[in-house]
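Encoded as C-alpha cells, the structure appears first; notes follow it.
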Amino acid sequence: MYADDDCLMLPYQTGDVFISHHQEETQEMLEEAKKNLQEELDALESRVESIQWVLADLKIQLYAKFGSNINLEADES
C-alpha cells in the first residue's frame with residue numbers, strides 16, 4: 001500500500017470511536033494501554049490475595065468457636 005511504513009495509518013479504538021493514527025503513535029498507545037491494564041491486574045491480584053488472607057483468618061476463628069459443628073466450603077482457588 002505505502003512504501004514508507006511511517007505513513008501507514010492504523011485505526012485505534014477510543015471508547016466507541018475508531019481514530020486513525022500513524023503506526024508508531026498507535027504502537028505507543030497500545031503499549032501504554034497494556035501497561036495500564038497490567039497495573040490494574042496487579043492491583044486486583046493483590047486485593048484478591050489480601051481478601052483470601054482475611055477469609056482464611058475468619059475460617060480459623062469460626063472453627064475455633066464452633067469446632068466440627070460447622071462445615072465451611074473448600075477454597076475454589
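Only the coordinates and a few stated rules stand behind these numbers; no lab work does. Note that the structure is a prediction, hence the values are computed from the model and not measured. Counting neighbours? That spans all protein chains shown, and the Cβs are built from the backbone with ideal geometry, glycine included.
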Tell me the angle of helix 23-66 to the major Cα principal axis of the chain, expressed in degrees between 0 and 90 and rounded to the nearest ten. 0
What residues have an amide H closer than 5 Å to that of residue 8, excluding those fewer than 5 places away on the same chain, when H is modeled at 1.01 Å from N in the peptide plane? 23
Rg in Å to one decimal, and Dmax rounded to a whole Å, for the chain via C-alpha atoms: 24.3, 76
List the GluC sites (Glu not before Pro) within the range 10-77 that fall in a DSSP loop (any state other than H, G, I, E or B) and whose Cβ has at most 14 other Cβ atoms within 10 Å. 73, 76
Run lengths n ≥ 4 of DSSP H only: what is the helix-derived mean residue ellipticity at 222 nm for the chain, with -39500 (n - 2.57) per run over all residues, to the nearest 500? -21500 deg cm²/dmol
Within-14-Å neighbourhood charge of residue 46 [Cβ basis; K, R +1; D, E -1]: -4
Proximal charge balance of residue 32 [Cβ under 14 Å; K/R count +1, D/E count -1]: -4
